[in-house]
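The values are calculated or read from the model by the stated rules, or taken from the named source; none is laboratory data. Since we're looking at a predicted model, the values are computed, not measured. Cβ placement follows ideal geometry from the backbone for every residue including glycine, while neighbour counts extend to all protein chains displayed. These accessible areas exclude ligands, DNA and RNA; they are computed on the full protein's heavy atoms, side chains included. Shrake-Rupley method; radii C 1.70, N 1.55, O 1.52, S 1.80 Å.
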Amino acid sequence: MARNEIVVRVAGCTPARLRLSRWTKYGKDRLYVTEIRARIEKKYGYLDLLANRFVWEIPYTNPRFHAAVEDAVKNYAETVMA
């Protein structure tokens, strides 16, 4: 697994391997989140690093899973990118 990847595990859900990529332009600073699966990539959304707010680009269908992804991405931003 690469340095810019994390795995999120939630009971009852398939583990999600996520690739995180930072984007800084036009006064914005974002951490984009993409799930990596066999032969496809699924964009989840991004963490706005200036507002510390997650913006979802997929339907919000599983609150427990979505909360775990948000927590993992925020933790990555605080520890790895600090």
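A few points about this structure:
- Surface per residue (accessible, 1.4 Å probe) for the stretch 9-82, Å²: 66 Å²
- Note that the stretch 35-82, at 25 °C in a medium of 0.890 mPa s, gets a Stokes-Einstein diffusion coefficient of 209 µm²/s from its Kirkwood radius over C-alpha pairs.
- Carbon + sulfur, % of accessible area of the chain - ligands and nucleic acids excluded, 1.4 Å: 49 percent
- Heavy atoms of residue 55 accessible to a 1.4 Å probe, total area in Å² rounded to 10: 30 Å²
- Counted by Cβ distance under 14 Å from residue 64, the other residues give a net charge of -1, where Lys and Arg count +1 and Asp and Glu count -1.
- Contact order relative to length of the chain, as percent, for alpha carbon pairs under 8 angstrom and 6 or more apart: 20 percent
- With bins 5 Å wide beginning at 0, the percent of Cα pairs of the stretch 1-53 falling in each bin runs 5, 19, 24, 24, 16, 9, 3, 1.
- The angle separating the long axis of helix 63-79 from the principal Cα axis of greatest extent in the chain is about 40 degrees.
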